[in-house]
Amino acid sequence: METPQFLPLGEGLELTSQEMGSGQLVLHVTATSSGSACPLCAKPATHLHSRYSRVVKELPCAGQQVQLILHVRKFFCDTTDCARKIFAERLPQLVAPWAQMSTRLCQAIQAIGLATCGRLGARLASRLGITTSWMTIVRRVMALPTKPAENVYCLGIDDFSFLRGRMFGTVLVNLDTHRVIDLLPDRQAETATAWMQAHAEMTHVSRDRGSEYASAASRGAPQAMEAGRSLPCGQKPI
């Protein structure tokens with residue numbers, strides 16, 4: 001069956017049927033490639049083990065909810081030294097392994113979350129025909145990879161609460177760009193010191209008056225000057 005233009009599937013996938021059910025458009029998609037690469041050893045496999053179906057949410061179309069039923073296969077991996085003997089074929093151009101929504105829908109939810117927030121994003125998504133919750137939006141945003149911190153010259157460091165009054169971490173801010181660049185799992189001097197030692201380019205550190213961060217700045221960035229002072233962190237006025 002010819003794939004309609006509104007649903008690009010990519011190579012190796014074919015739309016075999018479509019139907020209306022429970023107020024949503026249901027599309028059946030079948031994998032047509034002759035084999036699949038083992039996700040562990042990356043060797044091609046063609047020895048069929050079985051077939052199964054996956055139900056995946058897709059972006060809405062013209063105000064209608066869209067559900068994909070993916071008819072995919074499991075293969076035997078015939079590579080003798082591979083620990084994976086049976087595997088399910090991957091469809092990376094359409095859906096991530098074990099995901100319950102398509103890559104397109106996931107990216108749309110992430111974009112909504114980055115532009116708004118959890119609860120506001122859920123209301124906006126509802127108006128756009130996307131059924132989701134504010135917590136799902138938050139999880140999708142938090143799953144995005146964090147850009148590694150590169151050169152940090154002016155660092156802001158302070159604590160924050162994972163769980164109010166009970167569990168604390170450390171937030172690190174690039175004061176030149178006013179962006180959060182990292183979160184540390186605690187507020188111990190050793191953790192912050194190790195992070196600072198990996199950034200010898202720092203020239204200034206802005207911190208609170210806590211002894212842990214004072215110790216971290218002194219040991220991790222002795223060449224840097226503390227905000228409001230004219231001496232490096234590792235030196236004291238005479």
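So that you can scan it fast, the table gives a plain yes or no per residue for (1) surrounded by 15 or more Cβ atoms within 10 Å (Cβ to Cβ); (2) in contact with a helix residue (DSSP H, G or I) (Cβ under 7 Å, 6 or more places away or on another chain); (3) in contact (Cβ under 8 Å) with a residue 40 or more places away in the chain; (4) not hydrophobic (A, V, I, L, M, F, W, C):
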| residue | (1), (2), (3), (4) |
| --- | --- |
| 38 | yes, no, yes, no |
| 46 | no, no, no, yes |
| 51 | no, no, no, yes |
| 75 | yes, no, yes, no |
| 78 | no, no, no, yes |
| 86 | no, no, no, no |
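I'm trying to understand the selection: among the residues of the range 49-89, which are within 26 Å of the chain's Cα centre (by Cα), of a type outside the set (A, V, I, L, M, F, W, C) and in a strand (DSSP E or B)?
Once the filter is applied, which keeps residues that are within 26 Å of the chain's Cα centre (by Cα), of a type outside the set (A, V, I, L, M, F, W, C) and in a strand (DSSP E or B), the range 49-89 yields 53, 54, 57, 58, 60, 65, 67.
Please pick out the residue among 66, 72 that is within 18 Å of residue 105 (Cα to Cα) and either of a type outside the set (Val, Ile, Thr) or at pLDDT 90 or above (or both).
After applying the criteria, what remains is 66.
Go through the residues of the range 102-123 one by one and say whether even a single one is surrounded by 14 or more Cβ atoms within 10 Å (Cβ to Cβ), in contact (Cβ under 8 Å) with a residue 24 or more places away in the chain and over 16 Å from the mean Cα position of the chain (by Cα).
Checking the range 102-123: not a single residue is surrounded by 14 or more Cβ atoms within 10 Å (Cβ to Cβ), in contact (Cβ under 8 Å) with a residue 24 or more places away in the chain and over 16 Å from the mean Cα position of the chain (by Cα).
Which condition number does residue 15 fail, the rest of (1) crowded, with 16+ Cβ neighbours inside 10 Å; (2) out of contact with any His (no Cβ under 9 Å at 6 or more places or on another chain); (3) over 15 Å from residue 89 (Cα atoms); (4) not β-branched (Val, Ile, Thr) being met?
Condition (2) is where residue 15 drops out.
Being surrounded by fewer than 19 Cβ atoms within 10 Å (Cβ to Cβ) and either over 15 Å from residue 153 (Cβ atoms) or of a type in the set (A, V, I, L, M, F, W, C) (or both) is the filter here, so list the residues in the range 208-224 that pass it. Break it down stepwise before answering.
In the first step, residues of the range 208-224 are kept if they are surrounded by fewer than 19 Cβ atoms within 10 Å (Cβ to Cβ); the result is 208-211, 214-215, 219, 222-223.
Scanning the range 208-224 gives 208, 209, 210, 211, 214, 215, 219, 222.
The values are calculated or read from the model by the stated rules, or taken from the named source; none is laboratory data. Small disclaimer: the values here were computed from a predicted structure and weren't measured. Ideal geometry is used to build each Cβ from the backbone, glycine not excepted, and the neighbour counts take in all protein chains shown.
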